[in-house]
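Engineer: Before anything else, here's the structure in question.
The values are calculated or read from the model by the stated rules, or taken from the named source; none is laboratory data. Source: prediction; values computed, not measured. Cβ coordinates were reconstructed from backbone atoms using ideal geometry, including for glycine residues, and neighbour counts include every protein chain displayed.
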Amino acid sequence: MSENRALMAQCQAALRANGFDVYPAKDPAQARYIFFEEILPDVKADLISWADSMTMEATGVLDELLADPAIPMIKTFDPEASRQEMIERRRQALLADLFLTGSNAVTACGKLVNLDMIGNRTAAISFGPKKVVLFVGQNKIVPDLESAIIRVRSVAAPLNAKRHQMSTPCTQTGRCHDCDSPQRICNTWSIIEKCFPVGRIKVVLIEGAWGL
């Protein structure tokens, strides 16, 4: 077994031991199949919402959900809506039956590590929505908590700030400056060691590098 596969296997076992439901997938297409054939029928969600995740976007799950008018969705991203309206929708999303997003890092010992700008994603993962599904690429798995924090600061945060066209020092240098920029996206940390209630958070682990 290669080092990467061994780390992924260790991560799966640790997540399950910590109360998370885990669904391994070979690629984004299989992740989409797992969501629609296994997870969604079991959850029976009357209201769904989501937060930003390139890994989730790669699966096509969100596009398929939005294309079905029979599925009620709180649309937390809408270029035609005002900033105030978007914040209100993200507040409403905390009461959804099902919340979809990704994770900045997952440790081999089964901890979820995330960092947010306004905290809507970290809040929803922790509490609010009845069920949460995280789509996580194998590239997000790190050996321990220290490695997770380093990954978020040196990889995920600078790349996400650049992707969203923020005017922060990290977009120029690719590393964290612990800045005071008004557009700083690194404000709210979340470290989830155990899933409570057991099975509330479902992690779809996808082989390969997906997302930032």
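Per-residue answers, yes or no, for (1) over 21 Å from Ala209 (Cβ atoms); (2) in contact with a strand residue (DSSP E or B) (Cβ under 6 Å, 6 or more places away or on another chain); (3) in a helix (DSSP H, G or I):
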residue: Ala124; (1), (2), (3): yes, yes, yes
residue: Val132; (1), (2), (3): yes, yes, no
residue: Arg153; (1), (2), (3): no, no, yes
residue: Ala156; (1), (2), (3): no, no, yes
residue: Leu159; (1), (2), (3): no, no, yes
residue: Lys162; (1), (2), (3): no, no, yes
residue: Gln172; (1), (2), (3): yes, no, yes
residue: Arg175; (1), (2), (3): no, no, no
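Engineer: In addition: For region 177-212, name all the residues that are of a type in the set (Lys, Arg) and either in a strand (DSSP E or B) or surrounded by 20 or more Cβ atoms within 10 Å (Cβ to Cβ) (or both).
Structural biologist: Lys202
Engineer: Just the residues that are crowded, with 23+ Cβ neighbours inside 10 Å and more than 14 Å from the chain's Cα centre (by Cα), please, taken from region 108-128.
Structural biologist: Gly110
Engineer: Of everything in region 7-54 that's surrounded by fewer than 18 Cβ atoms within 10 Å (Cβ to Cβ) and among the polar types (S, T, N, Q), which residue is nearest to Glu207 (Cα to Cα)?
Structural biologist: Within region 7-54, the match that is nearest to Glu207 (Cα to Cα) is Gln30.
Engineer: List every residue pair whose Cβ atoms lie under 7 Å apart, where the two residues are 6 or more positions apart in sequence or sit on different chains, the first residue falls within region 40-58 and is touching a residue at least 40 places away in the same chain (Cβ under 8 Å), and the second residue, located anywhere, is polar (S, T, N, Q).
Structural biologist: Here the result reads Ser49/Thr76; Trp50/Thr76; Trp50/Thr101; Ala51/Thr76; Ala51/Thr101; Ala51/Asn120; Ser53/Thr101; Met56/Thr101, each pair linking region 40-58 to a residue that is polar (S, T, N, Q).
Engineer: For Pro143, all conditions in the list (1) surrounded by 23 or more Cβ atoms within 10 Å (Cβ to Cβ); (2) over 23 Å from Ala45 (Cβ atoms); (3) touching a residue at least 60 places away in the same chain (Cβ under 8 Å) hold save one; what is the number of the exception?
Structural biologist: Exception for Pro143: condition (1).
Conditions (1) within 16 Å of Gly208 (Cα to Cα); (2) at pLDDT below 95, marked per residue:
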residue	(1), (2)
Arg5	yes, yes
Ala25	yes, no
Ile48	no, no
Pro69	no, yes
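Engineer: Take the conditions surrounded by 13 or more Cβ atoms within 10 Å (Cβ to Cβ), out of contact with any Asp or Glu (no Cβ under 7 Å at 6 or more places or on another chain), at pLDDT 95 or above and not small (Gly, Ala, Ser) and apply them to Cys170. Does it pass?
Structural biologist: Here the answer is yes, as Cys170 does meet what is asked.
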